[in-house]
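> Take this structure, written in C-alpha cells, and hold onto it; I'll ask about it next.
What follows draws every value from the coordinates through simple rules; no lab data is involved. All values reported here derive from a predicted model rather than from experimental measurement. Backbone-built Cβ (ideal geometry, glycine too); neighbour counts: all protein chains shown.
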Amino acid sequence: MRRCSAPLAVVAVVLLTLTMMGGLGTAAQEATPAVEPNLIVGHLAPIGERFEAIPGVDFEFLNEGQPAAAPAQSLILYRVIFRGGEAPMHMHPGTTAGTVESGTFVWTLLAGTVRLTRLGSAPEQVTEPGTELILAPGDSLFYNADVVHTAGSVGDEPASVLVTALFETGQPFLTLTDEHGTPTA
C-alpha cells in the first residue's frame, strides 16, 4: 500500500502545480506558439492548418516539397475554401491544376489561357479575357504563370478547391495585379 501512495503523491503534486499555472491546456499552448502564415513558396506555413488569407477566403497548405526533377521549383498541394469572399485579380508563380471538391466555384479569366475540363467532358481552351467560368464539383482548371484571374464562390454554400501547383521557389504564393498582370502591391 505504501509503495503506491508515494508515486500517487508525486502525481498529485505535479497536477496541482500545473493547475495553479493555468491548467494542462494552457501549459501545452504556451509551449507551442501558433505559426504565422508564410506565403513564400518553399516556406509555406502553416502546413495542415486552415487559416483565413483574405476575408471570406481560407487556405490550407497540405504538402510542399522541392522535386529533384524540377530545380528551383516547389510542388504544392493546397486547398482553398471560398466562404463568400473573393480573391481579387492575381497571378501565381507557376503552373496550377485545381479541381472543385464541393460547392459552386466562379473563376474569371482576365489574361492568358486556361484549360477547363468539366466532369465527363473533353478539355477545352478558354482564351477570351473576361470569361467567367462557373464550376461544379469534379470540374477542373489547368493554367500557367501568365494567367491573371479572380476566383470566388457562388451562393451561400462555401466552395472548396483542391489545388496542385508547381511554383517558383522563393516567390510570393500569389501576386495581386491589374487585368494585364502588372503587380499592384
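> Sort 38-49, 63-74, 151-162 by packing, meaning the average of other beta carbons within 10 Å per residue, with the highest value first.
For the peptides 38-49, 63-74, 151-162, the packing ranking is 151-162, 38-49, 63-74.
> Excluding residue 75 itself, calculate the net charge of residues whose Cβ lies under 13 Å from the Cβ of residue 75, where each Lys or Arg counts +1 and each Asp or Glu counts -1.
Its environment carries a net charge of -2.
> Also, quick follow-up: In a shell of Cβ-Cβ distance under 12 Å around residue 94, excluding residue 94 itself, what net charge do Lys and Arg (+1) and Asp and Glu (-1) give?
-2
> Could you give the nm distance between label points at residue 45 and residue 184, where each point is 7 Å from its Cα heading toward the beta carbon?
3.0 nm
> Any idea what the relative contact order of the stretch 50-176 is, in percent, if you count C-alpha pairs under 8 Å spaced at least 6 apart?
With pairs under 8 Å counted, the relative contact order is 36 percent.
> Which loop-located trypsin sites (Lys or Arg not before Pro) does the stretch 61-153 contain, where loop means any DSSP state but H, G, I, E or B and the Cβ has at most 16 other Cβ atoms within 10 Å?
Filter output for the stretch 61-153: 118.
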